[in-house]
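Values quoted throughout were computed directly from the atomic coordinates according to the rules given, and no laboratory measurement underlies them. On a predicted model such as this, the values are computed, not experimentally measured, just so you know. Cβ coordinates were reconstructed from backbone atoms using ideal geometry, including for glycine residues, and neighbour counts include every protein chain displayed.
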Amino acid sequence: MPGSNPTDGPGRRTTRRTAIGVAVVTVVVAVGAGVGALALRRHPGGDAPSAPPPVATTTVTRADLSDSRSLNGTLGFGPERLVKGAGEGVVTRLPKVGDTVARGKALYWVNDRPVPVLFGGTPLFRTLDKPGLVGSDVRIVSDNLKALGYQTGTQPSRGTDGTKIGTGQALLTKSLVSAIKKWQQALGLDPTGTIGVGQAAVLTGPARVSAVKALPGDPVAGELLAVTEKVKLVTVPVGATEVGTITVGAAVVVALPDSSEIPATVASISQTVRGGGSDDGTGQGSPPTVDVLVAPTRAADVAKLDAATVQVRFTTAVHKGVLAVPVGALVALREGGHALQLPDGGLVAVETGMFARGLVEISGTGVTEGLDVMTAS
């Protein structure tokens, strides 16, 4: 026909549709911090023809996908905490590095008198010598003696002057004074029923002596020693802007120097931000970090290691029960986006989500569990 062009016929339209279709599938996946990197090949229209990869059939399944990241950590006993003495007197005996600290037992000696350990968060800041005193320091003494098996009596809700006793406080009762006397007698001290400043050391819990900083003969008022946690921990510095994805009690995996992996949990997250300032004169400071302490589930797993550099794998996100296929089943569309190819050659457009362990989360109209699709093999 006049004006017609044979290349505009049905054969040309078929060729154009074929050129719009997609080929080849993902063959390389790098999964790190939840990111999938895709290396794609297309046909036809390339500068040099290439043979299509072998294909197989796979099925859309439901799976739990998790995103994780690994950070370097240091195995040891955690950060040190200084122990300072108080009051007057001369240090006459000190513990050894590696000694363990137990509730109610002597930590060091002043003027040949043992200074026992109490657990809690409030130091003894005054002399407890008069029944009727109310405070958090009294609560520390009451709770510890009760834990040691002494009869401390019941605590009233109000003080002797009728003032309501606040949360975390206790009243120094006659029963509590009697318990103090029995405890002092068991320690070989005069059973006065009175506890003065510096006559007991308050620590946050069971500990291990990591350093001795004083010598016998030094005044007690000063730095005496340092303690760490009693059990081995992994200290992991985490970026201050990223620590919000980690929660206390979360399960993690620790990779040891011999490449073996052991289970662990997040024990605590520090409230102190470190770094963030310039330290080399160039104006480029280290990023701020927060220390995360990780506790191995089984102490025996790290019993032979005193200190080591390890890696800790944190799970940062979990997508449960999502539809997923192997990454090799994704087809990259020339116009953008991705699809799945059905065994009959048809395409089903999909939206992609999390990439993990060679799988990719997918969704879209017509995408159902059990759907057979093609994948690169």
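Here the Karplus curve 6.51 cos²θ - 1.76 cosθ + 1.60, taken at θ = phi - 60°, turns the phi angles of the range 186-193 into couplings of 5, 7, x, 9, 5, x, 7, x Hz, with x standing for Gly and Pro. What distance in nm separates the simple spin-label points at GLU88 and ALA102, each placed 7 Å from Cα in the Cβ direction? Distance between the two pseudo-spin positions: 3.4 nm. A Förster radius of 41 Å, combined with the Cβ-Cβ distance separating VAL253 from LEU189, puts the computed FRET efficiency at roughly 0.25. The local environment of LYS320, defined by Cβ-Cβ distances under 13 Å, has a net charge of -2 under the rule Lys, Arg +1 and Asp, Glu -1. Pop the C-beta distance of ARG81 and GLU369 into the FRET formula with R0 = 56 Å and round what comes out to the nearest 0.05. Plugging the Cβ-Cβ distance into 1/(1 + (r/R0)^6) gives 0.55. Putting +1 on Lys and Arg Cβ atoms and -1 on Asp and Glu Cβ atoms, find which of VAL292, GLY275, ALA307 reaches farthest to the positive end of the dipole of the range 272-377. Final value for the positive-end residue is ALA307. Computed from phi, the 3J(HN,Hα) profile of the range 367-374 under the Karplus parametrisation 6.51, -1.76, 1.60 (θ = phi - 60°) reads 8, 9, 4, x, 5, 7, 9, 8 Hz, with x in place of Gly and Pro. Of all lysines in the structure, those lying under 25 Å Cα to Cα from LYS230, and not within fewer than 8 positions of it along the same chain, are LYS84, LYS96, LYS105, LYS146, LYS213, LYS304. Between ARG357 and ALA317, full extension at 0.36 nm per residue minus the direct alpha carbon distance yields a gain of 13.0 nm.
The phi-based Karplus calculation (6.51 cos²θ - 1.76 cosθ + 1.60; θ = phi - 60°) puts the 3J(HN,Hα) values of the range 194-210 at 10, 10, x, 4, x, 8, 8, 9, 9, 10, 6, x, x, 8, 10, 6, 9 Hz, whole numbers, x for Gly and Pro.
Cβ-Cβ distance of VAL231 and ASP344, R₀ of 56 Å, FRET efficiency by 1/(1 + (r/R0)^6): the value works out to about 0.40.
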